[in-house]
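Undergrad: Have a look at this one before I ask anything.
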Amino acid sequence: MAKIRKRKFIFVVGGVLSGVGKGVTSASIGAIMKAKGFSVTALKIDPYVNVDAGTMNPLEHGEVFVTDDRDETDQDMGNYERFLDVDLTSLNYMTTGRVYLSVIEAERAMKYKGKCVQVVPHIPEHIIERIETAAQHAHADITIIEIGGTVGEYENILFLEAARMMKLRDPESVAMVLVSYLPIPSHIGEMKTKPTQHAARALNSAGLQADMIVARGSTELDVPRREKLAVFCGVRKEYCISAPDVSSIYEIPLKMEEQEIGNKLLSILKLPKKTTNLEPWENLVKRVKNGKRELKVAVVGKYFGTGNFTLADSYISVIEAIKHASWNQSVKPVLEWVDSEDFEKDPTSVKKLSMYDAVIVPGGFGTRGVEGIITAIQYVRECHIPYLGLCYGMQLACIEFARHVLKKTSAHTVEVNPHTSEPIIHINPLQASNVREQKYGGTMRLGAYECVLRYGTRVHNAYKTDTISERHRHRYEFNNEYREALDTAGLRVVGVNPETDLVEIVELENHPYFVGVQFHPEFKSRPMNPHPLFVGLVKAAMKVRTS
Ligand code: GLN
């Protein structure tokens, strides 16, 4: 392992547009540094006033990614975990709200000893303290810090100020990477650098100079454009990195390292060059390209007509987990979104699910589309289509079974019908008081919990271990009063929390694959290490198809 004497920090900021891939760029730089033998960690800064992402609508903000230590964070944290193959903690995530809350709490506790507490320097100093704590905790040689939003906004100015203060204290320990977008307007047909020039200037007016520009665009950065960026943005020509669109995000570390981004950053940080071992990434990309046989997966849920763009972001970990498992089994996943409300309007349309090799119902909240999901689950259960239910997908599978097999027609979750006479999914008293008192933020059952698997079951065979740990994010629970009835009738309770006796996994007998989990396995799937439950689903789907 390489060891460096002083910790180094790479800030990644965005120019021109948000959503151009700062997260994946940060994660890829991290993967490259790790492949050079450094110990690496990554932080995400969300400029929102929300204390965490748990209170943000995933259709607007993207998936809420949950850490082992119960934090509800930004989807980019998932990219970091997947690319760096590490488990991050709440130390790796901050928002404006979180920063201010800590400073105000410290002020109330007289920690500032009578001083006037000011936005500058106290807020940036607290931000720096958080960054340094995360770096120390991870024993990181190199810490990547992604600042959300784009330069020039009001929202992230104090985070840029923190970066400026760090760079001023020790210029050699901080590198600034500007990820910017270079549009090609159709009527001009030429890649334009001007918006990036403005972004570089906006960064200058925050007292910072970009050391490197990652030029995102639909095509490669050519020589004339590279020269323009260099002159007008004050960045060395060879430090302008071309980052065209690619078919799989897992190609990005390879593409970037072809341009030696790693050694260039090391030289900015005044460190000697080092070789990079990206062999595992090369093998992964080969697997991605090798999968020729298609696997059709339907993701069934309620959707708000926001279009496919937002949906992909809201369920990014589920999508990635399906891909990881499919590539592992040398098949090519083809994913389709199926709106459960269609099955409410026309229940016979549920037959279209027979076109798919596998069906997934992901996590969700509220009433909308729930009856349609239940119709879908009944269909896949009866027609033996491989099924994986994630969180709400597990709860609704239990309700479906209770209604149609146990003939408890009014079976429901109290989330949808608080007065149901058959509360298959209910709420514990503590959670009920959270809801009553509107204590919504950070109060769900969150983070990692242990689960003991029943010997010889499908999930036990998949995990190949007796006890697992998985991440949760839910308020409602399976009601143990119905446990025996469900189990005896064939929806077997095969995973239970050893401390609380809460039901965590159910699986159906006499079905190629029908598994419901109260947790979110998707958060722990990694490109080189796919999640066993998703691999199980893919294997079963391929087997059903061949037979
Ligand atoms: N709405 C359900 C609950 O709160 C399931 C949550 C989820 O799917 N993440 O328990």
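The values are calculated or read from the model by the stated rules, or taken from the named source; none is laboratory data. The model shown is predicted, which means the values in this text are computed figures rather than measured ones. Here the Cβ positions follow ideal geometry from the backbone for every residue, glycine too, while neighbour counts run over all protein chains shown. Surface accessibility is based on the protein's heavy atoms, side chains included, excluding ligands, DNA and RNA. Shrake-Rupley method; radii C 1.70, N 1.55, O 1.52, S 1.80 Å.
Undergrad: Working only within the range 349-369, note down all residues that are of a type outside the set (D, E, K, R) and either closer than 17 Å to GLU522 by Cβ or within 16 Å of the ligand (Cβ to nearest atom) (or both).
TA: Correct list: ALA358, VAL359, ILE360, VAL361, PRO362, GLY363, GLY364, PHE365, GLY366, THR367, GLY369.
Undergrad: May I pose another question? So, VAL515, is that one open to solvent by less than 10 Å² (accessible area, probe 1.4 Å), within 16 Å of the ligand (Cβ to nearest atom) and either touching a residue at least 60 places away in the same chain (Cβ under 8 Å) or in contact with a strand residue (DSSP E or B) (Cβ under 8 Å, 6 or more places away or on another chain) (or both) or not?
TA: On the way: open to solvent by less than 10 Å² (accessible area, probe 1.4 Å): yes; within 16 Å of the ligand (Cβ to nearest atom): yes; either touching a residue at least 60 places away in the same chain (Cβ under 8 Å) or in contact with a strand residue (DSSP E or B) (Cβ under 8 Å, 6 or more places away or on another chain) (or both): yes.
Judged against the criteria, VAL515 is a match.
Undergrad: Which condition breaks for HIS426 when tested against (1) in contact with a Ser or Thr (Cβ under 9 Å, 6 or more places away or on another chain); (2) closer than 16 Å to THR367 by Cβ; (3) within 15 Å of the ligand (Cβ to nearest atom)?
TA: HIS426 satisfies all of (1) in contact with a Ser or Thr (Cβ under 9 Å, 6 or more places away or on another chain); (2) closer than 16 Å to THR367 by Cβ; (3) within 15 Å of the ligand (Cβ to nearest atom) except (2).
Undergrad: Could I ask something else about it? Does the range 85-109 hold any residues that are buried (at least 24 other Cβ atoms within 10 Å of the Cβ) and closer than 27 Å to GLU251 by Cβ, and which are they?
TA: Selection gives LEU88, ASN92, TYR93.
Undergrad: So, one more: Which of the residues that make up the range 475-512 are among the β-branched types (Val, Ile, Thr) and either under 23 Å from LYS407 (Cβ atoms) or crowded, with 22+ Cβ neighbours inside 10 Å (or both)?
TA: Correct list: THR488, VAL493, VAL494, VAL503, ILE505, VAL506.
Undergrad: Working carefully through the options LEU406, LEU396, find the one that is aliphatic (A, V, I, L, M), within 16 Å of the ligand (Cβ to nearest atom) and modelled with pLDDT of 95 or more. Show your work before the answer.
TA: On the way: LEU406 fails: within 16 Å of the ligand (Cβ to nearest atom).
LEU396 is the lone residue from the list that is aliphatic (A, V, I, L, M), within 16 Å of the ligand (Cβ to nearest atom) and modelled with pLDDT of 95 or more.
Undergrad: Out of the residues in the range 438-453 that are of a type in the set (D, E, K, R) and either out of contact with any helix residue (DSSP H, G or I) (no Cβ under 9 Å at 6 or more places or on another chain) or outside any strand (DSSP E or B) (or both), state the one that is nearest to the ligand (Cβ to nearest atom).
TA: LYS439
Undergrad: Within 17 Å of LYS323 (Cβ to Cβ) and either at pLDDT 95 or above or open to solvent by 10 Å² or more (accessible area, probe 1.4 Å) (or both), is that true of PRO253?
TA: Here the answer is yes, as PRO253 does meet what is asked.
Undergrad: So which of HIS472, HIS419 is more than 16 Å from the ligand (Cβ to nearest atom) and either on the phi < 0 side of the Ramachandran plot or open to solvent by 40 Å² or more (accessible area, probe 1.4 Å) (or both)?
TA: HIS419
Undergrad: Hey, another quick one. Would you be able to say whether some residue in the range 460-469 is more than 26 Å from the chain's Cα centre (by Cα) and at positive phi?
TA: no
Undergrad: Residues to consider are ARG201, ARG169, ARG226, ARG164; find the one that is open to solvent by 50 Å² or more (accessible area, probe 1.4 Å), of a type outside the set (A, V, I, L, M, F, W, C), touching a Gly at 6+ places or on another chain (Cβ under 6 Å) and at negative phi.
TA: ARG164
Undergrad: Turning to a different aspect of this structure: Please verify whether the range 65-84 includes one or more residues that are more than 16 Å from the chain's Cα centre (by Cα), surrounded by fewer than 19 Cβ atoms within 10 Å (Cβ to Cβ), touching a residue at least 12 places away in the same chain (Cβ under 8 Å) and not in a helix (DSSP H, G or I).
TA: Taking the range 65-84 and keeping what is more than 16 Å from the chain's Cα centre (by Cα), we get none.
Within the range 65-84, none of the residues are more than 16 Å from the chain's Cα centre (by Cα), surrounded by fewer than 19 Cβ atoms within 10 Å (Cβ to Cβ), touching a residue at least 12 places away in the same chain (Cβ under 8 Å) and not in a helix (DSSP H, G or I).
Undergrad: Please determine, by comparing only the residues of the range 370-392 that are within 12 Å of the ligand (Cβ to nearest atom) and closer than 19 Å to LYS352 by Cα, which one is surrounded by the fewest Cβ atoms within 10 Å (Cβ to Cβ).
TA: So, considering only residues that are within 12 Å of the ligand (Cβ to nearest atom) and closer than 19 Å to LYS352 by Cα, the one surrounded by the fewest Cβ atoms within 10 Å (Cβ to Cβ) is VAL370.
Undergrad: State which residue pairs qualify: first residue over 16 Å from GLU481 (Cα atoms) and hydrophobic (A, V, I, L, M, F, W, C) and inside the range 394-420, second residue in a helix (DSSP H, G or I) and away from the ligand (no atom under 13 Å from the Cβ) in any location, beta carbons under 7 Å apart, and separation of 6 or more residues or different chains.
TA: Close Cβ pairs (under 7 Å, with a partner that is in a helix (DSSP H, G or I) and away from the ligand (no atom under 13 Å from the Cβ)) amount to LEU396/ILE374; LEU396/ILE377; ALA397/ILE377; VAL405/ALA489.
Undergrad: Just for helices (runs of 4 or more DSSP H) wholly inside the range 277-354: which have at least 3 residues that are at pLDDT 95 or above and within 23 Å of the chain's Cα centre (by Cα)?
TA: Filter on the range 277-354 gives 279-290, 316-328.
Undergrad: Please go through (1) more than 10 Å from the ligand (Cβ to nearest atom); (2) at pLDDT 95 or above for ASN434 and return the number of the only condition it doesn't satisfy.
TA: Of (1) more than 10 Å from the ligand (Cβ to nearest atom); (2) at pLDDT 95 or above, only one is false for ASN434: (2).
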